[in-house]
Amino acid sequence: MPKCVCMGAKLKCSFGAGPKDMVVLPIARVMNAKSKAMAAQMDFVPMLNVPAFGQCKSPANPMNWKMAGPVPVFVPSSCIPIPVAPWAPVAKKLKIGGMPAMLESSKTTCVWAGQITVDNPGLTNVEAK
C-alpha cells in the first residue's frame, strides 16, 4: 500500500533543480505520531504547499526566453510553480480534513509542463488505500 504524505515531504519537479520541502498547514488536520500534519488532495497551493524548485528549465516557461539581439535565447529563470490540478491519485478511504489523503504516488502538473511528484513522503509508518 502507498504511504501517506505529511509536512516536510520532499517534492520534485521534472524541470526543477531538485527536491524541496512541502508545507502542510495543521488546520483541522490529522496528525501522525510525530505531530506532522498530513497532506490532502487539495494541498497544491503554489508557494504555500508547493515550493519553488530553484531554477526552472522548462521551454514552455516564457520567463526562460531572453532576447539576445533579434534572437531569443533559452536562459533558465527562477521557478514559480503553478500547479493546475489537485493531487492524483489519492486515497479512496482515508480522509484528511474531509478530503482524500495525498499519497506518495500522487502527482500534479505545473502550467509550465513540469510533472510535480513526491520524492520522499516524510512518513514511513502510515499507509492508505
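Values in this text are rule-based calculations from the coordinates and carry no lab data. Everything numeric here is computed off the predicted structure, so don't read it as measured data. All Cβ positions, glycine included, derive from the backbone under ideal geometry; neighbour counts span all protein chains shown.
Some notes on this structure:
- Cysteines of the chain lacking any other cysteine Cβ under 4.7 Å from their own Cβ: 4, 6, 13, 110.
- Spin-label pair residue 109-residue 127: with each label point 7 Å from Cα along the Cα-Cβ axis, the two points sit 3.1 nm from one another.
- Only Lys, Arg (+1) and Asp, Glu (-1) charged, at Cβ; the chain dipole about Cα centre in debye: 240 debye
- Amide H to amide H distances under 5 Å link residue 127 with 4, where only residues 5 or more positions off or on other chains count and H is placed in the peptide plane.
- Peptide ranges 93-104, 61-72 listed from the most packed, as the mean C-beta count within 10 angstrom indicates: 93-104, 61-72
- Each peptide in 73-83, 114-124 gets a packing score, the mean of other Cβ atoms within 10 Å over its residues, and the list from highest to lowest is 114-124, 73-83.
- Compactness ratio for the stretch 10-120: Cα radius of gyration over 2.2 N^0.38 Å (N = residue count) comes to 1.22.
- FRET efficiency for residue 45 and residue 14, using Cβ-Cβ distance with R0 set to 22 Å, rounded to 0.05: 0.65
- Cα centroids of the stretch 90-126 and the stretch 1-16: 7 Å apart.
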